[in-house]
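What follows is a short report on a single structure.
Rule-based calculations on the coordinates, nothing more; no lab input. Predicted model, so just to flag it, every value in this text is computed and none were measured. For neighbour counting, all protein chains shown are included, and Cβ atoms are generated from backbone atoms with ideal geometry for every residue, glycine included.
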Amino acid sequence: MQTRPQYVIGLDFGTSSVRALLVEVATGREVADAVRAFPRWDAGQFCNPDLNQFRQHPLDHLEGLTAVVREVVALVDDPAQIVALAVDATASTPGPVNAQGRALGLLPEFAEEPDALFILWKDHTAVAEAEEINQLARSWGGPDYTKYSGGVYSSEWFWSKITRISRHNERVAQAAHSWLEHCDWLTLELTGQPLADLKRSRCAAGHKAMWHPEWDGLPAEEFLAQLEPKLAGLRARLYGPTYPADEAAGTLCPEWAATLGLRPETVVAVGTIDAHAGGVGAGITPYAMVKVMGTSTCDIVVVPPADLATRPPVAGICGQVEGSVVPGLVGLEAGQSAFGDLLAWFEELLRWPLAAVLARTANLTDRQREELRQEAEDSLLELLTEAAQALPFAQSPVLALDWVNGRRTPDANHQLQGALRNLTMGSSAPEIFRALVEALCYGSRHILERFEHEGIAVRQLIAIGGVAKKSGYLMQTLADVLGRRIVVAASEQAPALGAAMYAAVAAGCYPSVEAAQQAMGSGFSEQYEPNPARAATYHARYAEYRALGEFIANTTPGPENKLIR
């Protein structure tokens, strides 16, 4: 008698959409996937790029979740074959909730209030609050809570954002019984359990909220109240213990089971960060670096705890947390705040004149305008890439700095900005595009060098994400700049696949994440070898990039702007 296959679902909540991936447990075969864009986000609602304000409505997430899960569940003969699901999400993307765990943005009185929504990772409205946290952590007389956060707390993270909202929006501050990271809120929604019983994500807590066993979890009440009196009492309403992503958080509540077409017995794993799930889905092993390349990058490394026992924490990164990424190992995270976003910014810059001219052209129909606009949108980056590749390698006077969304690592500082140098009357769009691509690669090299300077010898480079899959030009440039071989994970949906692996372990299908990786992994589809003939030139240009970064950092107001190394 043939046994029916079992399946798990990985739910990957990115910046602009959610994806459900249906995976066969025994083989890792990716049976089906479904994607739903966030309509309110696409329309720019609740966001103000001029203020670095980026908010997301919880209805985008719940409507998307419902649509994509239903779509993949419909392809299975019997819902009982789906044994578990897991959620990964961007971080730090916290949102306020009431005492029942209900997101404030779902309540009528807060439905149109940006401060009551989820504060997306790329929201940098809390730069001043991050700097206060850094100064206080070094001076308050207790532990330096930034110790395992690279020594610099970021405006992208949990406490900076909560402090900002608590100070500037009294209504939200009064209504917020607690705050939840996006992945934790979704897990709570799906399980329907009381807020106090929720198993909070070790990944999100350790990397974004300064949680660590050394000081018994979250920063002390005294520290938080000194930072902002309105935070007094909040610590007790947050959490103590945290949990790795391969543990079961619970099972689907009856309401969500009925909505999604699944059984209430379906296991829900503890939530996690999207990049961490991507590392698992890409096949991360100790001392391999997985580069998650999308709107931003996250660079993920895992290391056995014993190897770090006598070393000081790695400086300038986004966290060093035992039990994150792969339970039993120490997860290390770094990254760049703008990657695909930098190229998208330049593309939008070039599209604007075309859109403006088309809008004023009287001899075109509305349909013709839209077709031309769509054609430009679809082909502009491809044309820029072709033209940039055709430029003589020696012809590259333009130099760029990739900090258009601030600097995440090394040494977080979101007051810093991008720059272009050596522009002349002969500078062309393809030359500037090439300079931007090279700047992204130089930023990656700076991160790699920081890890190795801190004693973390990176032995393998694995790339995942849309940029890694779509731009061979950028990937080859990256290999040339780093002087390293880079392999690309075969799965198009590594974060969702990693979430599916966590789900399989939480459901008891595999004894460990490593075992799930062995059985369900997709392997690698492409590789890029460095071109030795370009090594010396890129080495010199990288030195110029670092010098430009030093100049920008030293001329930007603020006490924390110099590069540490």
Spatial separation of Cα centroids for region 148-220 and region 462-494, in angstrom: 32
Surrounding net charge for Leu65, when Lys and Arg each add one and Asp and Glu each subtract one, Cβ distance under 10 Å: -1
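For a Förster distance of 30 Å, can you work out the FRET efficiency between the beta-carbons of Ala536 and Ala429, rounded to the nearest 0.05?
E between Ala536 and Ala429, to the nearest 0.05, is 0.65.
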Antiparallel content of DSSP bridges confined to the chain, in %, to 5: 70
Net length gained if the chain between Ala80 and Gln174 were fully extended (0.36 nm per residue, minus Cα distance): 29.5 nm
Sorted peptide list for 88-95, 155-162, criterion being average Cβ within 10 angstrom, highest first: 88-95, 155-162
Gained length - Asn422 relative to Ala258, 0.36 nm times residue gap less alpha-carbon distance: 53.0 nm
Partners for Lys208 among lysines (Cα-Cα distance below 26 Å; same-chain residues under 8 apart left out): Lys122, Lys147, Lys161, Lys199, Lys230, Lys291, Lys562
Percent of alpha-carbon pairs separated by more than 18 Å within region 464-565: 65
Estimated [θ] at 222 nm from DSSP helical runs (n ≥ 4, -39500 (n - 2.57)) normalised by residues in the chain, nearest 500: -12000 deg cm²/dmol
Cα-Cα P(r), the chain, percent of pairs per 20 Å interval: 22, 56, 22, 1
Residue-count net charge about Leu104 - beta-carbon cut-off 10 Å; Lys, Arg +1, Asp, Glu -1: -1
Cα-projected label distance for Glu247 with Ala515, points at 7 Å along beta-carbon direction, nm: 1.9
By average C-beta atoms within 10 angstrom, highest first, the peptides 64-73, 255-264: 64-73, 255-264
Simple spin-label estimate for Phe551 and Leu51 in nanometres, 7 Å along Cα-Cβ: 3.4
Relative packing of 228-237, 115-124, which averages over residues the other C-beta atoms within 10 Å, highest first: 115-124, 228-237
Helical segments meeting 27 Å axial Cα length and Kyte-Doolittle 0.5 threshold in the chain (DSSP H): 340-360
Cut-off 11 Å between beta-carbons: net charge of the residues surrounding Phe223, Lys and Arg +1, Asp and Glu -1: -3
Residues Tyr538, Tyr510, Tyr502 arranged by fewest to most Cβ contacts within 10 Å: Tyr510, Tyr538, Tyr502
Value in Å of the Kirkwood radius, where region 239-305 supplies the Cα pairs that are averaged: 14.2
Kirkwood hydrodynamic radius over Cα pairs of region 234-364, then Stokes diffusion coefficient at 4 °C and 1.567 mPa s, in µm²/s: 70
